[in-house]
Amino acid sequence: MRRETIHAWLMLLPALVVLATFMHVPAVETIIASFWSTARGARPSHFVGLKNYERMIADPVFWQAMRNNLVYALVTVPLSMGLALVMALLVQGRVAGRAFLRMAFFTPTVLPLIAVANIWIFFYTPGFGLIDQIRGLFGLHAQNLLGTGSTALYAVAAVAVWKEAGFFMIFYLAALQTIPPTLIEAARLEGASRWQIFRRITLPMIMPTTLFISVNAVIDAVRLVDHIFQMTQGGPDNATNILFFYIYRVGFQFWDTAYAATLTVVMIVILSLLALGQVVLIDRRVHYK
Amino acid sequence: MRDVARTQTPTRTPFAAAPGISLRGLGKRFSTHAAVQDVSFEIPAGALTVLLGPSGCGKSTLLRLIAGFEAPTAGEIVMAGRSLGDLPPAQRDIAMVFQSYALFPHLTVAENITFGLSVRGTAKAEMAPRLARVAQIMGLETLLDRKPAQLSGGQQQRVALARAVISERPVCLMDEPLSNLDAKLRAEMRVEIRALQKRLGLTMVYVTHDQVEAMTMADRIVLMNAGRVEQEGTPQEIYAHPASTFAARFIGSPPMNLIPADRLGLPGGAMAGLRPEDMHFAAAGAPARVKSAEYLGADLLVTLDVAGSEAVLRQPARAGLPADAALYIGWAPEALRLFDAATGLALAPGGGLSQANEAQANEAQANEAQANEAQANEAQANEGRA
Ligand SMILES: Nc1ncnc2c1ncn2[C@@H]1O[C@H](COP(=O)(O)OP(=O)(O)OP(=O)(O)O)[C@@H](O)[C@H]1O
Ligand SMILES: [Mg+2]
């Protein structure tokens with residue numbers, strides 16, 4: 001028994017070392033750093049207690065970044081998941097050109113987000129971008145979607161949705177393949193409509209996948225900021241400044257590492273709570289075989 | 001359900017009078033090959049018709065055509081005097097039990113059984129008593145809150161059956177419903193399904209590749225081979241008068257012995273068919289040699305070498321094996337069946353084609369004279385029997 005325990009620990013060791021070095025230790029260091037001040041020139045870092053947190057609560061940009069992030073998540077999570085499911089349902093059946101459609105839907109996933117951002121900058125370019133050209137066909141005037149405070153956040157959210165939906169579609173496709181066709185036939189024979197079959201059989205049976213995807217989508221709603229660097233730099237007037245982007249700014253543009261650590265702790269706490277909540281909440285409604 | 005056979009509830013069942021179904025020239029081609037070809041037969045109302053045949057002969061395809069999951073590429077299906085055309089499955093008034101049961105894994109037993117009622121918008125007040133009644137018939141009362149994964153194979157089978165029964169649809173299709181059960185449970189469920197079918201007066205089409213299941217349950221058997229109907233009739237008819245060597249070998253366990261007629265001292269050119277129980281050891285007749293014997297308790301199966309072809313003889317075990325290894329076998333002359341050596345089709349005692357093959361003979365475009373002769377022979381044969 002003891003030997004087995006030692007063996008088990010030995011086998012876990014490599015993974016543990018890597019995880020600890022690159023994740024657990026930095027995480028703990030971040031938490032510690034959030035209670036200390038940023039070292040500046042002659043003044044070395046010193047313990048400040050909750051000062052950084054007090055500053056954060058008083059910081060209007062932090063609150064705007066939180067609000068922006070909430071909107072960003074509320075747009076990207078349901079939209080990317082919904083779109084993924086719709087696309088998966090579209091290409092799972094016997095559609096002409098199924099392979100081509102699948103590939104087309106999946107392509108955005110393969111592209112780096114930076115490249116995607118470039119494509120969308122072209123779409124959004126005021127005057128001669130794709131969107132304005134189409135608007136022009138209907139006699140609508142040009143519009144600067146990225147440069148306008150009220151639309152910029154939605155404009156960058158659209159890019160994330162476009163990028164993510166294809167990736168999530170793959171998971172939904174895999175889940176749909178595992179539903180035995182006889183279940184659908186049995187339901188059809190009973191007189192269930194397409195909608196009833198979807199609502200009462202397909203949807204519950206892909207619930208584990210939905211849970212998995214939703215956790216990922218929420219994490220991505222916090223994590224996916226690459227395109228913001230390229231498209232808006234958080235502007236105009238912080239309209240597209242979301243938490244992660246703000247952390248980068250504070251940490252690597254203002255070099256206020258202690259405050260960045262404080263913001264990071266908040267982000268990690270929020271993410272952990274969300275993941276926990278999703279697992280507990282949806283778990284009750286999920287059917288596992 | 002155990003008590004279906006006994007609790008003969010005197011009340012009328014709520015089922016509509018079960019209709020019969022006719023299949024007329026039915027065919028189904030998949031892209032590369034035909035799964036079902038020119039199938040025509042009657043499925044009598046209120047009876048249990050078994051579709052029997054080896055794996056891949058098109059039984060499931062035929063059932064799916066009747067259910068409406070597949071569209072035929074030829075022919076039509078007529079139910080209650082109405083051609084079903086491309087009527088969707090739900091509107092055919094047909095219930096079905098799938099081989100894999102097709103239970104919804106995320107729903108409880110009760111929800112599984114009432115799924116159909118619920119999607120069709122049946123009132124809760126009506127649903128509850130129907131569920132209670134069906135659950136009682138099937139012996140599922142204590143399992144209603146479980147998920148399918150928490151049930152044994154036999155219990156899952158009952159749930160699938162309950163789902164078909166609660167719909168109160170007069171026609172029930174079953175695709176190898178017992179193939180996932182062990183032998184003992186299979187034997188029990190056979191009896192129960194048959195009792196249920198009789199009690200509710202269902203028109204049932206039952207697919208199996210197990211000839212024992214077919215023989216014990218069927219009112220009528222439709223024997224299929226390579227997408228075509230090989231023979232149809234009551235179990236007795238098919239057992240006693242197989243229409244072809246295929247039918248002779250498929251039905252019966254062990255199957256009918258097929259021996260070139262000349263080796264039995266009969267006029268050559270034909271295949272002689274003899275059921276194992278119709279042969280006996282004799283003082284004279286066809287010479288044979290005992291190769292091995294299999295003891296079954298009541299019976300003894302003796303494998304013989306009859307002038308170079310193998311045959312199995314069945315006799316009461318207490319009769320014992322003859323002491324001499326080289327001996328003779330005899331048979332009841334009226335039990336002897338003859339088959340055309342080339343086509344495998346049964347020959348009437350007079351030498352022509354027998355009744356069951358008449359259709360096939362016509363189809364094979366046998367010349368008219370021959371067909372007439374066959375009919376004449378058949379008439380003679382019928383007179384002879386009468
Ligand atoms: N969707 C399909 N596409 C192409 N061929 C098919 C399809 N379904 C069935 N077949 C073919 O049709 C033939 C008959 O199949 P079917 O499933 O009806 O056989 P079966 O008699 O039910 O066999 P089993 O006893 O193994 O279930 C087989 O050769 C099968 O490969
Ligand atoms: Mg089959």
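The values are calculated or read from the model by the stated rules, or taken from the named source; none is laboratory data. Everything quoted here is computed from the prediction, not taken from an experiment. Cβ coordinates were reconstructed from backbone atoms using ideal geometry, including for glycine residues, and neighbour counts include every protein chain displayed. Only protein heavy atoms, including side chains, enter the accessible area calculation; ligands, DNA and RNA are left aside. Shrake-Rupley method; radii C 1.70, N 1.55, O 1.52, S 1.80 Å.
Assorted remarks:
- Looking only at the stretch B:137-186, and only at residues there that are of a type in the set (Asp, Glu) and in a loop (DSSP other than H, G, I, E, B), the one that is farthest from ligand 1 (Cβ to nearest atom): B:ASP145
- Some residue of the stretch B:152-160 being under 18 Å from the mean Cα position of the chain (by Cα) and more than 19 Å from B:PRO54 (Cα to Cα): no
- Scanning the stretch B:193-206 for residues being surrounded by fewer than 22 Cβ atoms within 10 Å (Cβ to Cβ) and farther than 18 Å from B:GLY20 by Cβ gives a total of 4.
- Number of positions in the stretch B:159-176 that are open to solvent by less than 20 Å² (accessible area, probe 1.4 Å) and more than 16 Å from ligand 2 (Cβ to nearest atom): 12
- The residue that is nearest to ligand 1 (Cβ to nearest atom), among those in the stretch B:31-43 that are open to solvent by 30 Å² or more (accessible area, probe 1.4 Å) and either in contact (Cβ under 8 Å) with a residue 24 or more places away in the chain or in contact with a strand residue (DSSP E or B) (Cβ under 8 Å, 6 or more places away or on another chain) (or both), is B:GLN37.
- Close pairs from the stretch A:126-150: first in contact (Cβ under 8 Å) with a residue 24 or more places away in the chain, partner assigned to a helix (DSSP H, G or I), Cβ under 6 Å, at least 6 apart: A:LEU146/A:TYR124; A:LEU146/A:ALA152; A:LEU146/A:ALA155; A:LEU146/A:MET231
- Helices (runs of 4 or more DSSP H) wholly inside the stretch A:99-194 that include at least 3 residues being modelled with pLDDT of 90 or more and within 14 Å of chain B (Cβ to nearest Cβ): A:181-189
- Number of positions in the stretch A:195-208 that are at the interface with chain B (Cβ under 7 Å from one of its Cβ atoms) and at pLDDT below 90: 0
- Filter result for A:ASN238 (closer than 28 Å to A:ILE131 by Cα and open to solvent by 20 Å² or more (accessible area, probe 1.4 Å)): yes
- In the stretch B:242-270, the residues that are touching a Lys or Arg at 6+ places or on another chain (Cβ under 9 Å) and either assigned to a strand (DSSP E or B) or buried (at least 18 other Cβ atoms within 10 Å of the Cβ) (or both): B:PRO242, B:ALA248, B:GLY252, B:PRO255, B:MET256, B:ASN257, B:LEU258
- For the stretch B:221-235, a residue qualifies if it is surrounded by 19 or more Cβ atoms within 10 Å (Cβ to Cβ) and either aromatic (Phe, Trp, Tyr) or within 14 Å of B:SER40 (Cα to Cα) (or both), and the qualifying residues are B:ILE221, B:VAL222, B:LEU223, B:MET224, B:GLY227, B:VAL229, B:GLU230, B:GLN231, B:GLU232, B:GLY233.
- For B:LEU63, the stated conditions hold: it is closer than 16 Å to B:SER22 by Cβ, within 12 Å of ligand 1 (Cβ to nearest atom) and within 14 Å of another protein chain (Cβ to nearest Cβ).
- Going through (1) open to solvent by less than 30 Å² (accessible area, probe 1.4 Å); (2) touching a helix residue (DSSP H, G or I) at 6+ places or on another chain (Cβ under 7 Å) one by one, B:GLN156 falls short only on (1).
- Whichever residue in the stretch A:40-67 is in contact (Cβ under 8 Å) with a residue 24 or more places away in the chain and under 14 Å from A:ALA260 (Cβ atoms) and, among such residues, is most open to solvent (accessible area, probe 1.4 Å): A:ARG55
- Test set (1) at pLDDT below 90; (2) facing another protein chain (nearest Cβ under 10 Å) - A:ASN216 fails condition number: (2)
- When B:ALA286, B:ALA323, B:ALA282, B:ALA298 are checked against the criterion of being modelled with pLDDT of 85 or more, more than 27 Å from the chain's Cα centre (by Cα) and over 21 Å from B:ALA341 (Cα atoms), B:ALA282 stands alone in meeting it.
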